[in-house]
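Notes follow once the structure below has been shown.
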Amino acid sequence: MKYSDSLFALVAVATAFVAFSCSAPAYKESNTAQKDGTYDSEFPHKPASKQLQLISESVCTINCIGSYKVYLFEDSDRLLRLGLNEQLLQKKSPVPLFSDNSVRGTATIIANDGSKIAFLTCAHVVDFPDTVIAYHVGPDGRATKYIRSVAVKMKQFNFISPFPEDGAVEIVFVDTQTDIAVLGRSLQTQMARGIAPIHYGLGNAKELDWGAFVYVFSYPAGIKMLTNAIVSSPRKDTEGTFYIDASANQGSSGGIVLAIRDGIPNFEIVGLVRVVPAKFSYYLAPGDSATEEYDPYSAYRGDSFVQKRTDLEAGVTKCIPAESIRISLERHKEQMAQRGYDCSGFLKQR
């Protein structure tokens, strides 16, 4: 072999080596989810916007307001819980105060037969206590047996939005054991009769595994939001409770969690958003009558009140499993039927 031929061969080998070393390894991509009958743990391989748009039309926000009459008592009144009644409250506190407590959450339409419409949410969103009693605190910082205040619920208002009518709904049932509630109302307009309930049914949360991919529809801060998350701590208890890393906020409670079984469009409702962990702290705040901006270099001498601050722990969201939803709806099926609500169609879906 001539020198020029040897040099040419060496250059060719070197070029091939460089080309091989600089090229990326080739991977064969799959365009379909694995059909194994389990919930998917990978991002969907097909567009899901049409299905998600349809689901979003069944998701609403709920605002609940509880109006309370509040009776206040001095420590010297020595008022005890035993024998407490309305006459005694009015005698000891003839000039009560009035206060409104509000809670916001998420509800999903699960039935609409043209006459009645039903919404699914969490019980703690709508379950306002009838009476709230607070006690005086002793020198040791512990509550005494003497009553400081009694708040008696006078009315409760529940509103669904968006809704083509006035949005007022009634509580059909509250199940504190499972933290499930159903709200509803009679329909007056043709537009309301045409609202479709969610057309995806209940799945099985106990079949979720670590890393299962889910979508979440809810109203954090009163804004309809869609987010995705992955499942952690599946089958946390015998009911099938699980956690997700979704970014939830006040108003997210009751939001639906949807998993996908063997690819789009096989959505199943596997749970509801239940609890967003939070830390609470208390601080002194100026009275409501103060309107001017305060000088940070001078002492504030006006009235001050204790305020409660809530700091949410984002990314840790506890969910009610679909099994608990199914149990609660089955348990109250007769009660719902007596009031004209039929959710059997939602229970039959899969």
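Quick look at the numbers
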| quantity | calculated |
| --- | --- |
| LYS155-ASP113 pseudo-label distance in nm [points 7 Å out on the Cα-to-Cβ vector] | 3.1 |
| Three-way shape label, the stretch 76-212, alpha-carbon gyration tensor, a/c 1.5 | oblate |
| DSSP-assigned coil residues among trypsin sites (Lys or Arg not before Pro) in the stretch 73-169, each with at most 11 further Cβ atoms within 10 Å | ARG81, ARG142 |
| Computed E for ARG331/SER49 - FRET, C-beta separation, R0 41 angstrom, nearest 0.05 | 0.65 |
| Prolate/oblate/rounded call for the stretch 42-112, Cα gyration tensor, a/c under 1.5 rounded | prolate |
| Gyration tensor (alpha-carbon) shape descriptor, the stretch 224-276, a/c threshold 1.5 | oblate |
| Cross-link pairs beyond the 22 Å C-alpha cut-off, checked among LYS206/LYS318; LYS92/LYS145; LYS35/LYS236; LYS206/LYS348; LYS46/LYS206; LYS50/LYS224 | LYS35/LYS236; LYS46/LYS206 |
| Calculated FRET value between GLU42 and LYS348, using beta carbons and R₀ = 25 Å, to 0.05 | 0.30 |
| Spin-label model distance (nm) - ASP140 vs ILE65, 7 Å beyond Cα toward Cβ | 4.3 |
| Virtual spin-label span in nm between ASP303 and ILE195, 7 Å along Cα→Cβ | 4.1 |
| Pairwise centroid distance, computed over Cα atoms, of the stretch 109-135 with the stretch 142-157, Å | 22 |
| Added length on full extension, which subtracts the Cα-Cα distance from 0.36 nm per residue, THR131 to LEU226 | 30.6 nm |
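Each reported figure results from applying straightforward, stated rules to the coordinates on display, with no laboratory input. What you see is a predicted model, and the numbers here were worked out from it, not measured in a lab. As a convention, Cβ positions derive from the backbone with ideal geometry for all residues, glycine included, and neighbour counts pool all protein chains shown.
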